[in-house]
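Engineer: What follows is a single structure, and I will ask about it in a moment.
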Amino acid sequence: MADSSVNQSMAAAGSGTRRTTSGFQWGKWLLVAFVFGYLALVLLIPALNVFAQAIKGGLPGLIETFTSQFFLNAVKLTAIATAITVPLNTVFGLCAALALANKNFPGRSLLISIIDLPFSISPVVAGLMLVLLFGNRGWFGPLLDAGGIKIIFALPGIVMATIFVTMPFIAREVLPALEEAGTQQEEAAATLGASPWQTFWRVTLPSIKWSLLYGLILCNARAMGEFGAVAVVSGNIVGKTQTLPLFIEEAHVQYNTQGAYTAALLLACLAVVTLVLKYLLERNAGIPHRGH
Amino acid sequence: MTSSQPSSSQGWWHPILHASWPWRVTWLYLTLFLFLPIAALILKAVTLDPAEIWRIATDPVALSTYNVTFVTALAAGVINGFAGLIIAWVLVRYEFPGQRFLDAIIDLPFALPTAVAGLTLSTIYSTNGWLGGFLEPFGIRISFTRLGVLVAMIFISLPFVVRTVQPVLQDLEAEAEEAAWSMGASRWQTFRRVILPPLMPAVLTGVAMGFSRAVGEYGSVVIIAGNIPFQDLIAPVLIIQRLEQFDYAGATVIGTVLLLISLAVLLVINLIQARGRRFYG
């Protein structure tokens, strides 16, 4: 969004000649009205509905869910899984970006495509893969059984599923930032006698911090909200392996509308915070819009 | 790692032993969390008898889920192709109150967990919901039908076309347009002949990305749909149902079909982008 002012002035310059010809621009306002209508039906009304439904039961309704043990366990599990996933993906994302940035070797673009692969694979298929690996009839099933280790229907499976679906977020933000920063400053630091660690902390990291933060925000939002992959591996054991999104589905299926919407409210607030931070970073740190 | 002199005495393990730390971590992580799971699926699929694979993959219920998944995802992708082009156009070319807000909210489907999306869409599009109530008298039901699947898929694939078209539209030179305009081309002619061609690769990329995302979607669809075979059951839900019945072969075959389709779409996206670069680079 850094260039929003540029494109606005561009649009103004581009249209200056023809806009003087007509008074009221029917075409423009018709299109603007269409966009408002479409986004209202698909995004705005559904989003507002979350808040409306959650507060419909009043404070007692909210408190009832917020103090229920199953809800608190779901919040805790989601928080733990995210707290493990995001740092691991950060280390991976930084390493992958450092290994790939400003280098040229055969297969480089293939490797970038491979890192992006999890975004193309259905989360349910990702979960299935983990079941085939670690489930009791999977490759490592007998081995894990013998060792008494549980991965599927337990926290490690939930974490691995979340890692799989959020793997590319940080690498794909940091890589372009590293390429843009170039290698001159790092080389200078190395020439002046800085160790690789010092160079990383003092030179490399400061130059990519906003991109890293942007990737972290997106990774965090997806990790907290992941549903499909986690649904396959968690077993959805109430109070034990039920994350917040799974809690929402269960509450909905059991006609506990208040419970479902209270949990949804929490995740919707996360989405609002994510969008605001994303918007601020795009405007103030000049990070280009990025999907997913 | 690059400064070490290669010599004939070094074996194949040399690059691995002397790789930099970022390289080692990258490969270790990819192997553990990406290659190993993919290998598990593919190797499980190839151990099955080909006749058995064919029987499972073309089972009537499986065929109906492909129909619901792929046709509905394509419809959602195309609808968002048109809508996304208009949204990108309005956001880039016009100024109006609330513009920044709309621009920011486009990414909501990326930020809002799919379970929340499915929940709220199923409520407002149900027969007694805010929007579903208006359609009920006309005999149109959305929640718990295939239309519900379509609505959920439209929601989750909405940002892709907008976000692929926006930067291209911003970089588009206004000169060609003005030239066409001043030479007497109509608004529609200018749009079709001058503006649309350079945008097409971005639109198609966005549609393919949205399609790919919609095909794999589980969370929002499972909540808004009735999940009834031959009506609104999608392939990812069928995989989970097969797993719940401990039918690992069934889940594996359908999972492999989905994986292959995803890879094919990825290839198409890369081809579109390569062509786009060649023509409009």
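The values are calculated or read from the model by the stated rules, or taken from the named source; none is laboratory data. Nothing here was measured: the structure is a model prediction, and the numbers come from that model. Cβ coordinates were reconstructed from backbone atoms using ideal geometry, including for glycine residues, and neighbour counts include every protein chain displayed.
Engineer: If the requirement is being in contact (Cβ under 8 Å) with a residue 12 or more places away in the chain, away from every other protein chain (no Cβ under 12 Å) and on the phi > 0 side of the Ramachandran plot, which of these qualifies: A:235, A:193, A:182?
Structural biologist: Values: A:235 fails: away from every other protein chain (no Cβ under 12 Å); A:193 fails: in contact (Cβ under 8 Å) with a residue 12 or more places away in the chain.
Sole residue among the options that is in contact (Cβ under 8 Å) with a residue 12 or more places away in the chain, away from every other protein chain (no Cβ under 12 Å) and on the phi > 0 side of the Ramachandran plot: A:182.
Engineer: Output the number of the condition that residue A:274 fails; it satisfies all remaining conditions of (1) touching a Ser or Thr at 6+ places or on another chain (Cβ under 6 Å); (2) within 7 Å of chain B (Cβ to nearest Cβ); (3) of a type in the set (S, T, N, Q).
Structural biologist: Against the list (1) touching a Ser or Thr at 6+ places or on another chain (Cβ under 6 Å); (2) within 7 Å of chain B (Cβ to nearest Cβ); (3) of a type in the set (S, T, N, Q), residue A:274 comes up short only on (1).
Conditions (1) closer than 17 Å to residue A:127 by Cβ; (2) at pLDDT 95 or above, marked per residue:
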| residue | (1), (2) |
| --- | --- |
| B:231 | no, no |
| B:234 | yes, yes |
| B:245 | yes, no |
| B:274 | no, no |
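Engineer: Continuing with this model, one more query. Return the total of residues in the stretch B:21-42 being of a type in the set (Gly, Ala, Ser) and surrounded by 18 or more Cβ atoms within 10 Å (Cβ to Cβ).
Structural biologist: Here is the first cut: in the stretch B:21-42, the residues of a type in the set (Gly, Ala, Ser) are B:39-40.
Subset that is surrounded by 18 or more Cβ atoms within 10 Å (Cβ to Cβ): B:40.
Result for the stretch B:21-42: 1.
Each row is one residue, and each column tells you yes or no for (1) closer than 25 Å to residue B:274 by Cβ; (2) of a type in the set (A, V, I, L, M, F, W, C); (3) in contact with a strand residue (DSSP E or B) (Cβ under 7 Å, 6 or more places away or on another chain).
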position: A:96; (1), (2), (3): yes, yes, no
position: A:100; (1), (2), (3): yes, yes, no
position: A:129; (1), (2), (3): no, yes, no
position: A:136; (1), (2), (3): no, no, no
position: A:144; (1), (2), (3): no, yes, no
position: A:156; (1), (2), (3): no, no, no
position: A:176; (1), (2), (3): yes, no, no
position: A:187; (1), (2), (3): no, no, no
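Engineer: Now for a separate question. Looking for something at the interface with chain A (Cβ under 7 Å from one of its Cβ atoms) and touching a residue at least 60 places away in the same chain (Cβ under 8 Å) - is there at least one such residue anywhere in the stretch B:66-87? Break it down stepwise before answering.
Structural biologist: Let us first name the residues in the stretch B:66-87 that are at the interface with chain A (Cβ under 7 Å from one of its Cβ atoms), namely B:83, B:86-87.
Filter once more, keeping what is touching a residue at least 60 places away in the same chain (Cβ under 8 Å): B:83, B:87.
Yes, there is a match, as at least one residue in the stretch B:66-87 is at the interface with chain A (Cβ under 7 Å from one of its Cβ atoms) and touching a residue at least 60 places away in the same chain (Cβ under 8 Å).
Engineer: Which one of these is in contact (Cβ under 8 Å) with a residue 40 or more places away in the chain and touching a helix residue (DSSP H, G or I) at 6+ places or on another chain (Cβ under 7 Å): A:99, A:81, A:154? Let's see the steps before the verdict.
Structural biologist: Numbers: A:99 fails: in contact (Cβ under 8 Å) with a residue 40 or more places away in the chain; A:154 fails: touching a helix residue (DSSP H, G or I) at 6+ places or on another chain (Cβ under 7 Å).
Of A:99, A:81, A:154, the one residue that is in contact (Cβ under 8 Å) with a residue 40 or more places away in the chain and touching a helix residue (DSSP H, G or I) at 6+ places or on another chain (Cβ under 7 Å) is A:81.
Engineer: Let me ask something additional. Counting only residues that are out of contact with any Ser or Thr (no Cβ under 6 Å at 6 or more places or on another chain) and within 10 Å of chain A (Cβ to nearest Cβ), how many does the stretch B:220-243 have?
Structural biologist: Final tally of qualifying residues: 7.
Engineer: Any idea which residue in the stretch B:128-172 is surrounded by the fewest Cβ atoms within 10 Å (Cβ to Cβ), counting only those that are part of a loop (DSSP other than H, G, I, E, B), of a type outside the set (A, V, I, L, M) and more than 9 Å from every other protein chain (Cβ to nearest Cβ)?
Structural biologist: Going residue by residue through the stretch B:128-172, those that are part of a loop (DSSP other than H, G, I, E, B) are B:128-131, B:139-145, B:172.
Those left that are additionally of a type outside the set (A, V, I, L, M): B:128-130, B:139, B:141, B:143-145.
Within this subset, residues satisfying the condition of being more than 9 Å from every other protein chain (Cβ to nearest Cβ) are B:128, B:139, B:141, B:143-145.
Values: B:128: 9, B:139: 6, B:141: 15, B:143: 23, B:144: 19, B:145: 18.
Across the stretch B:128-172, the extreme among qualifying residues is B:139.
Engineer: Follow-up. In this structure, is residue A:130 hydrophobic (A, V, I, L, M, F, W, C) and out of contact with any Phe, Trp or Tyr (no Cβ under 7 Å at 6 or more places or on another chain)? Outline the logic, then answer.
Structural biologist: Details: hydrophobic (A, V, I, L, M, F, W, C): yes; out of contact with any Phe, Trp or Tyr (no Cβ under 7 Å at 6 or more places or on another chain): yes.
So residue A:130 passes the test.
Engineer: Scan the stretch A:244-259 and give yes if some residue there is modelled with pLDDT of 95 or more, of a type in the set (Ser, Thr, Tyr), surrounded by 17 or more Cβ atoms within 10 Å (Cβ to Cβ) and closer than 16 Å to residue A:68 by Cβ, otherwise no.
Structural biologist: no
Engineer: I'd like to verify a number: residues in the stretch A:55-101 that are away from every other protein chain (no Cβ under 14 Å), loosely packed, with under 14 Cβ neighbours inside 10 Å and over 16 Å from the mean Cα position of the chain (by Cα), how many?
Structural biologist: Total satisfying the criteria: 8.
Engineer: Hey, another quick one. Looking at (1) at pLDDT below 95; (2) in contact with a helix residue (DSSP H, G or I) (Cβ under 9 Å, 6 or more places away or on another chain); (3) of a type in the set (Phe, Trp, Tyr); (4) assigned to a helix (DSSP H, G or I), find the lone condition where residue B:33 falls short.
Structural biologist: Single failed check for residue B:33: (1).
Engineer: Report those helices (runs of 4 or more DSSP H) wholly inside the stretch A:27-146 carrying at least 2 residues which are within 26 Å of residue B:83 (Cβ to Cβ). Please lay out each step first, then the result.
Structural biologist: Details: elements: A:45-56, A:58-66, A:69-100, A:108-116, A:123-134.
Correct list: A:45-56.
Engineer: Another question, if that's okay. Pairs under 7 Å by beta carbon, first residue surrounded by 11 or more Cβ atoms within 10 Å (Cβ to Cβ) in the stretch A:133-149, partner in a loop (DSSP other than H, G, I, E, B) and among the aromatic types (Phe, Trp, Tyr), six or more apart or different chains?
Structural biologist: A:133/A:139; A:133/A:140; A:134/A:140
Engineer: Within the stretch B:209-246, count every residue that is farther than 23 Å from residue B:125 by Cα, of a type outside the set (D, E, K, R) and either free of Cβ contacts under 8 Å to residues at least 24 places away in the same chain or surrounded by fewer than 24 Cβ atoms within 10 Å (Cβ to Cβ) (or both).
Structural biologist: Summing the residues that are farther than 23 Å from residue B:125 by Cα, of a type outside the set (D, E, K, R) and either free of Cβ contacts under 8 Å to residues at least 24 places away in the same chain or surrounded by fewer than 24 Cβ atoms within 10 Å (Cβ to Cβ) (or both) in the stretch B:209-246 gives 6.
Engineer: Return the residue satisfying two criteria in turn: it lies in the stretch A:120-130 and is of a type in the set (A, V, I, L, M) and within 11 Å of residue B:240 (Cα to Cα), and of such residues it is surrounded by the most Cβ atoms within 10 Å (Cβ to Cβ).
Structural biologist: Taking the stretch A:120-130 and keeping what is of a type in the set (A, V, I, L, M), we get A:121, A:124-126, A:128-130.
Still in the list and also within 11 Å of residue B:240 (Cα to Cα): A:124-125, A:128.
Numbers: A:124: 30, A:125: 29, A:128: 32.
Restricting to residues being of a type in the set (A, V, I, L, M) and within 11 Å of residue B:240 (Cα to Cα), the top hit is A:128.
Engineer: Being modelled with pLDDT under 95 and buried (at least 17 other Cβ atoms within 10 Å of the Cβ): is that true of residue B:45 here? Even if it seems obvious, please write down each step before you answer.
Structural biologist: Values: modelled with pLDDT under 95: yes; buried (at least 17 other Cβ atoms within 10 Å of the Cβ): yes.
In short, yes.
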